[in-house]
Amino acid sequence: MELFQYALDNLELLMTRTIEHISLVGVAVGIATLTGVPIGIAITKNERAAKAVLYIASIIVTIPSIALFGIMIPILSIIGQGIGYMPAVIAVLLYSQLPIIRNTYTAINNVDPALREAARGVGMSQNQRLRLVEIPLAVPVIMAGVRTAVVLNIGVMAIAAYIGAGGLGTFISRGISQSDPRQLILGAVAVSVLAIIVDYSLLALQKRLTPKGMERADATA
Amino acid sequence: MIRLDNLTKVFDTPKGAVTAADHISMEVPSGEICILLGPSGCGKTTTLKMINRIIRPTSGKVFINGEDTTSLDTQDLRRSIGYVIQQIGLFPNMTIEENITVVPKLLGWDKAKYRERAREMMRMIALEPDAFLKRYPSELSGGQQQRIGVARALAADPPVMLMDEPFGAIDPINRAVIQDEFLKMQQDLKKTIMFVSHDIDEAIKMGDRIAIFRAGKLVQYSEPDELLAAPKDDFVESFLGEDRALKRLNLVKVRDLASEEIGLVRPDDTLDAALTRIEEYGYQNSIVMVNDKRQPVGIVNAAVARTTKGHCRDHFQSVPVVVSLDDDLRKVASLMFANDMTWVPCVDDDGRIVGQITQRAITHHLGSRYRTHSRDDTTLDAAASLSSNDKE
């Protein structure tokens with residue numbers, strides 16, 4: 001009850017922090033999609049490159065976020081961005097690469113060989129095959145990757161409050177430093193609720209983007 | 001016209017080089033269907049796919065209508081060749097209309113023209129355009145999907161079509177229907193078609209010519225009747241099956257073996273006259289009675305004619321069976337067995353008697369080309385076989 005009262009009293013701040021959080025993750029995953037999807041498509045052409053890229057992306061995900069922020073502070077300090085927005089976005093961008101690249105790669109690779117052959121047989125060029133057949137068929141699985149990246153990084157972004165990036169993590173870090181369970185719990189609950197809501201919204205978007213003729217084939221990953 | 005000149009494909013595998021197609025040279029005349037037939041791994045599909053470069057030839061050339069395709073751009077080449085595959089391969093993200101018009105669009109037709117073409121194709125494959133064009137492939141049955149697959153291949157009106165076991169994934173009943181529909185379409189379209197199959201019955205039904213492959217080599221390339229009558233070696237013979245004589249029945253029409261000589265009686269003839277004619281023509285059991293238009297109205301039994309006085313019109317039985325000149329011998333043989341007859345009267349389109357076909361004529365036709373195994377004896381035609389044949 002006390003917590004609920006606290007949330008109501010700080011509603012405006014809660015909203016501001018939530019929007020900050022969404023924009024941080026949104027910008028980072030947005031950029032990650034723009035880089036990850038082309039990389040995922042590109043590596044379908046070369047198995048060795050695919051292995052290398054997926055390996056590197058997997059390693060990046062194993063780096064603890066606190067460590068990653070720590071590494072970036074001296075590097076980004078060169079351009080005066082050692083803490084705050086920039087390192088937070090870059091960290092999320094890096095973490096997002098694995099689910100997006102891997103899902104894109106898998107989806108394009110798993111397009112039915114018969115459809116590939118049909119697309120070649122009717123005389124489509126490589127670009128036409130990608131644009132007209134392979135990417136539309138891969139969209140559900142690529143979107144599932146984007147969803148994974150978003151949900152994963154809503155959590156990561158909470159930690160970015162320690163390097164001054166803002167967002168809902170601020171409640172948590174202050175809750176800890178000020179020994180204030182109200183702030184701590186509010187932050188934690190808000191992060192979880194946000195993750196769930198965003199996941200469902202993206203699922204709805206994924207369904208809309210799935211080509212009509214293949215609704216039954218949509219991925220739930 | 002499709003001509004293959006020493007077309008060869010060697011695959012590099014971990015176990016060493018494998019020659020999938022070994023110097024294949026053959027020619028399919030314009031407007032004909034050539035079936036590439038053989039067991040799995042014999043090189044028939046590899047050969048087909050080298051024509052539109054789905055598989056790149058190691059060496060050799062492909063000529064289409066006299067033109068060497070080596071110099072053509074791969075995409076241009078493929079757009080000028082209809083391609084149908086066993087897995088159908090309709091694009092699930094596209095509507096039926098988008099699937100059918102994919103090649104016309106790639107060729108840059110304008111919208112009105114390709115949309116009209118889609119409707120035209122739907123009518124050709126006997127599917128209602130308004131009911132189907134806006135639907136997606138997943139909403140259609142397998143048979144309907146493969147009809148669309150054929151329509152997609154034909155949409156840009158290519159002179160040449162390649163079909164890789166196109167009806168292999170369809171249930172037997174629908175397969176027969178689609179085969180018939182396709183043959184009917186082909187009568188008007190007159191495409192030059194290469195068609196891979198592993199089904200000897202399909203090959204005989206669909207093919208103007210059949211090419212038998214084994215271990216990457218073209219073993220025999222003949223017309224179906226020639227193939228069944230004179231298999232080149234033991235492999236071809238065993239591949240065709242021990243019932244290959246019966247399979248030939250499908251290929252021969254009544255027209256080819258019918259004799260114009262047939263003894264008939266009229267309703268006004270006396271039974272004595274009927275008996276005389278039965279003996280004159282050497283029939284054992286009965287004779288056909290016809291009306292003024294030469295349409296069969298009954299048969300008069302020899303046993304009745306011997307023991308009874310009177311006119312044919314009062315002592316006849318119904319005609320068991322007649323066959324049309326365009327029926328195949330398989331149907332005739334079946335009717336003969338079912339009705340315990342050694343001959344069947346043949347009628348034209350108006351139902352008038354034009355002759356008869358006898359069991360002797362059929363067995364003689366089939367047997368005459370088996371006894372020798374050589375091509376020299378195959379000139380024996382239907383007329384010759386009939387003239388030496390006793391009437392029954």
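Its alpha carbons give the range B:238-348 an Rg and a Dmax of 16.2, 58 Å. For chain B, the longest principal axis of the alpha carbon atoms and the long axis of helix B:329-339 meet at an angle near 40°.
When both the range B:152-210 and the range A:37-55 are represented by their alpha-carbon centers, they are found 40 Å apart. Diffusion coefficient (Stokes-Einstein, Kirkwood radius over C-alpha pairs, 37 °C, 0.692 mPa s) for chain B: 136 µm²/s, rounded to a whole number. Residue ranges B:162-170, A:52-60 sort as B:162-170, A:52-60 when ordered by packing (mean number of other C-beta atoms within 10 Å per residue, highest first). Compare A:TYR95, A:TYR85, A:TYR105 in a GNM of chain A, Cα atoms joined below 10 Å, and give the one with the largest fluctuation. Largest GNM mean-square fluctuation: A:TYR85.
Placing +1 on the Cβ of every Lys and Arg and -1 on the Cβ of every Asp and Glu, with no other charges, gives the range B:255-361 a dipole of roughly 280 debye about its Cα centre. Find the centroid of the Cα atoms in the range A:116-132 and in the range B:221-247, then give the distance between the two in whole Å. About 40 Å separates the Cα centre of the range A:116-132 from the one of the range B:221-247.
Between A:GLN97, A:ASN153, A:VAL193, the Cα set farthest toward the positive side of the dipole of the range A:90-203 (charges on each charged residue's Cβ, about the Cα centre) is that of A:GLN97. In terms of other Cβ atoms within 10 Å, A:ARG182, B:ARG306 run from fewest to most in the order B:ARG306, A:ARG182. Only helices reaching 24 angstrom along their own axis (Cα) with mean Kyte-Doolittle hydropathy no lower than -0.5 count here, and for the DSSP H runs of chain A these are A:11-42, A:85-109, A:135-159, A:181-209. Packing, as the average of other Cβ atoms within 10 Å across residues, places the peptides B:19-32, B:232-245 in the order B:19-32, B:232-245, highest first. Hey, what angle do you get for helix B:172-189 against the long axis of chain B, alpha-carbon based, 0 to 90 degrees rounded to 10? Helix B:172-189 sits at roughly 80 degrees to that axis. Look at the stretch A:113-120: the mean tally of other chain Cβ atoms within 10 Å of its residues' Cβ atoms is 6.
Sorting B:331-344, B:195-208 by their mean Cβ neighbour count within 10 Å, with the most densely packed peptide first, gives B:195-208, B:331-344. Plainly put, the range A:1-48 has a radius of gyration that is 1.42 times its Kirkwood radius, both from alpha-carbon atoms, as the Rg/Rh ratio. For the protein assembly as shown, the share of DSSP beta bridges that are antiparallel, to the nearest 5, is 60%. Shielding value for B:80-91 is 5, the average number of Cβ atoms from other chains within 10 Å of each residue's Cβ.
Rounded, prolate or oblate for the range A:96-208? Axes are the square roots of the Cα gyration tensor eigenvalues, ordered a ≥ b ≥ c, and the cut-off for rounded is a/c under 1.5. Since a/c reaches 1.5 and a/b is larger than b/c, the shape of the range A:96-208 is classed as prolate. Relative contact order of chain A, taken over Cα pairs closer than 8 Å and 6 or more residues apart, is 26 percent. Counts of other chain beta carbons within 10 angstrom of each beta carbon in peptide B:52-59 average 1.
Other residues with beta-carbon under 14 Å from the beta-carbon of B:GLY108 carry, at +1 per Lys or Arg and -1 per Asp or Glu, a net charge of +3. For the residue pairs B:LYS44/B:LYS247; B:LYS61/B:LYS191; A:LYS45/A:LYS207, alpha carbon separations beyond 26 Å are given by A:LYS45/A:LYS207.
The distance from the alpha carbon centre of the range B:65-142 to that of the range B:266-308 is 60 Å, rounded to a whole number. For chain B, a Gaussian network of Cα nodes joined below 10 Å ranks B:GLY298, B:GLY66, B:GLY142 by mean-square fluctuation, and the top entry is B:GLY66. Run through the DSSP bridge list for chain B and note the antiparallel percent, rounded to the nearest 5. Taking every DSSP beta bridge within chain B, about 60 percent pair in antiparallel fashion. The long axis of helix B:111-124 is offset from the longest Cα principal axis of chain B by roughly 30 degrees. Within a Cβ distance under 15 Å of A:GLY26, other residues only, what is the Lys/Arg minus Asp/Glu net charge? Neighbourhood net charge equals 0. Summarised in one figure, the compactness ratio Rg/Rh of the protein assembly as shown, Cα atoms and Kirkwood Rh, is 1.22. Over chain B, Cα pairs under 8 Å with separation of 6+ residues give a relative contact order of 15 percent. Counting Lys and Arg as +1 and Asp and Glu as -1 over every other residue whose Cβ lies under 9 Å from the Cβ of B:VAL290, the net charge comes to +3.
None of the figures in this text is laboratory data; all of them are computed from the coordinates on show. Note that the structure is a prediction, hence the values are computed from the model and not measured. Counting neighbours? That spans all protein chains shown, and the Cβs are built from the backbone with ideal geometry, glycine included.
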